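One structure is given here, and the rest of the page talks about it.
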Amino acid sequence: MQLDLHVTRFDWAGGPSGIGPGLTNLARTAEQVGVRTLSVMDHFFQMDAVAPAEDPMLECYTALGFVAGITQSMRMRVLVTGVTYRHPGLLAKTMTTLDVLSGGRAELGIGAAWYEREHIGLGVPFPPVAERFERLEEALQICLQMWSDNNGAYEGKHYQLAETLCVPAPVSSPRPRIMIGGGGEKKTLRLVAQYADACNLYGTPDVIAHKVDVLRGHCDAVGRDIGEIEVTALLQAQDDWTPDDVLRAAAAYADAGAATVMASAMGGDPAGKLESLFGPATERLKAIQPRGL
C-alpha cells in the first residue's frame, strides 16, 4: 500500500511570508518519509464548511510548480482540478508544463467542481451539475487528444478547438496519469471506468468497498479490467493516533479494495506530525496488499 499526502490548509504557516518556507519544509519532509504523491486542492477560497473562507488558500498549479522545484522524486497532483476553472486546452498545456519541468512527476486530478461561493465571488460561470459533468467528459477527451499524436480539431458540445497542438509533449509515458475525484455512482464512477487511471474515494471502509463494487460494474460495462484503476482513499487520522493506528486503518481500507491511503496535513506543525505519525509506518504500509479486484 502507498501513502499520499493531501494539503488542504495553510493557516499553520504563520501568514503570507511563512507559507513558502512552511510548504518547503512540509514537501521535503513528505519526500523524506516516503510519501509518493503530494496533492493540493483547487480552490480559491478555503472551504467554508471546514474553516473560514478568508483562511489562506493558494492557486493550485502555481503551488505545485513551486513544489516541483524543491523536490526530486515525489509526484504531485491537484485533488482535484475543477473543470469550470480552466479551459481544457489551457489545462492540458498547464499540466504538460508541470510534467515537463518536474521530469514526469505530474498527474492530472480532475472533477466536476462544486464550490458555488468562489465561482460567484470571482465571477466564474457555474453551470448546472449536468452541464458540469458534460464539460468534465469533454475536458478528459481534450486532454487525451492533446497528449496523443492527433493535433487536429476537437468538436464538442461545449468546447471547440481548431488545433490540439501541445509541444513539448509530456515527459510521462505514454501520458500523465489521470485521477477522477468523487464517488458519484451514476456519472463519476462511470467516467472513472472509461477514462481514469485512478480514483479518489471518501468514507468508511464499508463505503469504499461498496463504491469499488459499483466501479467494477461500470468497468464490466465498458470492457475494462478494474485492476487497471488505482483506488485511493482519504484516511482521516486522529490527533491521538499512533503509527500502529495508521497501519490498522490502512489495512481496513486495503480490505475494501484501496491500494493507496491519503493522509491530510495535520495540526499546527504538519511536517512534524507527518514525520512522527506516518514516518514510522511508511515502510510497513508497503507490506499491506489491497483486496484483489
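Key figures
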item: Members of the stretch 175-213 that are more than 25 Å from Ala251 (Cβ to Cβ) and either at pLDDT below 95 or of a type in the set (Val, Ile, Thr) (or both); result: Ile178, Ile180, Thr188
item: Cβ-Cβ under 8 Å pairs, at least 6 apart or on other chains, the stretch 124-151 side farther than 18 Å from Ala92 by Cβ, far side surrounded by 14 or more Cβ atoms within 10 Å (Cβ to Cβ) and of a type in the set (Lys, Arg); result: Pro127/Arg135; Phe133/Lys187
item: Leading residue by the ranking (surrounded by the most Cβ atoms within 10 Å (Cβ to Cβ)) among those in the stretch 5-36 that are more than 19 Å from Val50 (Cβ to Cβ) and among the charged types (D, E, K, R); result: Glu31
item: Residue match in the stretch 70-77 (condition: out of contact with any Asp or Glu (no Cβ under 6 Å at 6 or more places or on another chain), at pLDDT 95 or above, more than 20 Å from Gly268 (Cα to Cα) and part of a helix (DSSP H, G or I)); result: yes
item: Filter result for the condition that a residue is assigned to a strand (DSSP E or B) and without any contact (Cβ under 8 Å) to a residue 40 or more places away in the chain, over Leu90, Leu38, Leu5, Leu108; result: Leu38
item: Test for Arg248: is it closer than 17 Å to Lys286 by Cβ, without any contact (Cβ under 8 Å) to a residue 40 or more places away in the chain and charged (D, E, K, R); result: yes
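Yes/no matrix, rows are residues, columns are (1) without any contact (Cβ under 8 Å) to a residue 12 or more places away in the chain; (2) within 30 Å of Ala287 (Cα to Cα):
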residue: Lys157; (1), (2): no, no
residue: Val167; (1), (2): yes, no
residue: Pro176; (1), (2): no, yes
residue: Gly183; (1), (2): no, yes
residue: Arg224; (1), (2): no, yes
residue: Ala237; (1), (2): no, yes
residue: Asp240; (1), (2): yes, yes
residue: Pro243; (1), (2): no, yes
residue: Ala256; (1), (2): no, yes
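The values are calculated or read from the model by the stated rules, or taken from the named source; none is laboratory data. The shown structure was predicted, so the numbers you read here are calculated from the model rather than taken from an experiment. Backbone-built Cβ (ideal geometry, glycine too); neighbour counts: all protein chains shown.
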